Amino acid sequence: MAVDSNTLEMLRSDTGPALDLSWLEGVELTDRIAPSKRGLILSDIAAARADTAPEHSENLSLRPRGTRQILNATRVAMRLRDKADTWAENCALLYEEALARQWSSATDIPWETLKPLPDDLELAMCQLCTHLCEVEFTAADVPGQWIPAISPDHFEVKLFLATQAMDEARHLEVFRKRALANGGGLMRQSADSAASALRSIMDASDFTEMSVITHVVGEGQVLTMFRMGEFVGLSEAEKKIFRLVAQDESRHVAFGVMHLKYIAEHQPWRREEIHSYLDRAEPSLVMHKGGRIFGTAFTERLEPLIMLLGGGRDHLNEGMTSIEEITRRMVNEYMQRLSVAGFGDRRGRCIPAIEPYLEPTRS
Ligand SMILES: [Fe+2]
Ligand SMILES: [Fe+2]
């Protein structure tokens, strides 16, 4: 049903204030959309209105997708206007899942289960949490800085990145709380090599470069580590922190994998470019050899982990064995994700340091 010209004329000639009402011209009313069992989610709306993100956006304003254009709108330069620049087919669903699974570090963690620990274990947990505060802060900053560059025609990606920033903010504060809550405190900031790995994420000048390094390599690593939280956590509070953070991280990794898959399927000529990002990021997967950590690389992550996994300063060899197991899992989960993304060929051209950890593919 359209708003007809008679109705408009009547409204304009009414005795009230003189209104322009041109926003009503040419409007067509359509069928209503009923909520489904899942509620009224974005994909329901998109399906009912045949509302899909365009392959390329000519929108140089803040105009939301599906609205009528006005030619004198203020121009805003969006750098990323091709769908393949940022898109992942799961981004709307990941956004909905993020909304449904928000949690509170204040009330969802059983803080009362924290108990006094031997000094070595308490300080190791505090150092690990201090390092994670630094990592999480970067993972909140980085996606946030890309949001304004993305076209409003691809708004689902913007929404997902906004939830990632919120998730990372919560991760920062839950690890900060744990460091400060049990008699230890914040410890030392990360050494140069860890900091420069974070810096390389911040300095990425292309969205896909950022996503490969952050979502696929970096967050893939921490996801594997958080999934081992049952062994790292010393109380139910810590185990629950790792479980909930892993739940969030799995969304961030899933976005990166599906973005990469979109590139593999729609812009196959970018494969070598993607491999160059992997060449640069892959060394962070293996930071030790023969029981020794390389230089100062990730000292603030690996050494406390060795102490926590082993069970204290008298069990460092056992802790190192556990690090080897985590590394094996990290490497194989990483390779599996790349295979899902259409980059199974990475297995044949990965850096030498990770080859000893590779397991045969399951057919
Ligand atoms: Fe995080
Ligand atoms: Fe994350």
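The values are calculated or read from the model by the stated rules, or taken from the named source; none is laboratory data. Note that the structure is predicted; figures quoted are calculated from it, not measured. So basically every Cβ, Gly included, is an ideal-geometry build from the backbone, and we count neighbours across all protein chains shown. These area figures cover heavy atoms from the full protein model, side chains too; ligands, DNA and RNA do not enter into them. Shrake-Rupley method; radii C 1.70, N 1.55, O 1.52, S 1.80 Å.
Summary of values
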{"quantity": "Some residue of the stretch 298-312 being modelled with pLDDT under 90, of a type in the set (Phe, Trp, Tyr) and surrounded by 16 or more Cβ atoms within 10 Å (Cβ to Cβ)", "calculated": "yes"}
{"quantity": "Residue check for ILE241: farther than 20 Å from ARG337 by Cα, within 16 Å of ligand 1 (Cβ to nearest atom), surrounded by 23 or more Cβ atoms within 10 Å (Cβ to Cβ) and among the hydrophobic types (A, V, I, L, M, F, W, C)", "calculated": "yes"}
{"quantity": "Filtered residues of the stretch 191-211 (kept if of a type in the set (S, T, N, Q) and open to solvent by less than 10 Å² (accessible area, probe 1.4 Å))", "calculated": "THR208, SER211"}
{"quantity": "Test: residue in the stretch 247-259 that is within 16 Å of ligand 2 (Cβ to nearest atom), closer than 30 Å to PRO116 by Cα and open to solvent by 10 Å² or more (accessible area, probe 1.4 Å)", "calculated": "yes"}
{"quantity": "Positions within the stretch 262-278 being open to solvent by 70 Å² or more (accessible area, probe 1.4 Å) and either touching a residue at least 12 places away in the same chain (Cβ under 8 Å) or small (Gly, Ala, Ser) (or both), in sequence order", "calculated": "GLU265, HIS266"}
{"quantity": "Odd one out for ASN72, checked against (1) in contact with a helix residue (DSSP H, G or I) (Cβ under 7 Å, 6 or more places away or on another chain); (2) open to solvent by 100 Å² or more (accessible area, probe 1.4 Å); (3) not aliphatic (A, V, I, L, M)", "calculated": "(1)"}
{"quantity": "Some residue of the stretch 212-223 being away from ligand 1 (no atom under 15 Å from the Cβ), surrounded by 18 or more Cβ atoms within 10 Å (Cβ to Cβ) and at pLDDT 90 or above", "calculated": "yes"}
{"quantity": "Test: SER205 is within 16 Å of ligand 1 (Cβ to nearest atom), modelled with pLDDT under 95 and part of a loop (DSSP other than H, G, I, E, B)", "calculated": "no"}
{"quantity": "The stretch 104-131, subset among the β-branched types (Val, Ile, Thr) and assigned to a helix (DSSP H, G or I), residue surrounded by the fewest Cβ atoms within 10 Å (Cβ to Cβ)", "calculated": "THR113"}
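Let's see how each residue does on (1) free of Cβ contacts under 8 Å to residues at least 40 places away in the same chain; (2) more than 30 Å from ASN182 (Cβ to Cβ); (3) over 27 Å from the mean Cα position of the chain (by Cα):
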position: SER22; (1), (2), (3): yes, yes, yes
position: ARG32; (1), (2), (3): yes, yes, yes
position: ALA53; (1), (2), (3): no, yes, no
position: VAL76; (1), (2), (3): yes, yes, no
position: LYS83; (1), (2), (3): no, yes, no
position: TRP87; (1), (2), (3): no, yes, no
position: ALA100; (1), (2), (3): yes, yes, no
position: ALA106; (1), (2), (3): yes, no, no
position: PRO116; (1), (2), (3): no, no, yes
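Per-residue answers, yes or no, for (1) more than 17 Å from HIS288 (Cα to Cα); (2) in contact with a Lys or Arg (Cβ under 6 Å, 6 or more places away or on another chain); (3) open to solvent by 70 Å² or more (accessible area, probe 1.4 Å); (4) modelled with pLDDT under 95:
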| position | (1), (2), (3), (4) |
| --- | --- |
| ILE323 | no, no, no, yes |
| ILE326 | no, no, no, yes |
| MET335 | yes, yes, no, no |
| ALA341 | yes, yes, no, no |
| ARG347 | yes, no, yes, no |
| ALA353 | no, no, no, yes |
| ARG362 | yes, no, yes, yes |
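The rows are residues; the columns are (1) within 16 Å of ligand 2 (Cβ to nearest atom); (2) within 17 Å of GLU249 (Cβ to Cβ); (3) modelled with pLDDT of 95 or more; (4) aromatic (Phe, Trp, Tyr).
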{"residue": "ARG75", "(1), (2), (3), (4)": "no, no, no, no"}
{"residue": "ASN90", "(1), (2), (3), (4)": "yes, yes, yes, no"}
{"residue": "ARG101", "(1), (2), (3), (4)": "yes, yes, yes, no"}
{"residue": "PRO118", "(1), (2), (3), (4)": "no, no, yes, no"}
{"residue": "CYS126", "(1), (2), (3), (4)": "no, no, yes, no"}
{"residue": "ALA139", "(1), (2), (3), (4)": "yes, yes, no, no"}
{"residue": "GLU156", "(1), (2), (3), (4)": "no, no, yes, no"}
{"residue": "ALA162", "(1), (2), (3), (4)": "yes, yes, yes, no"}
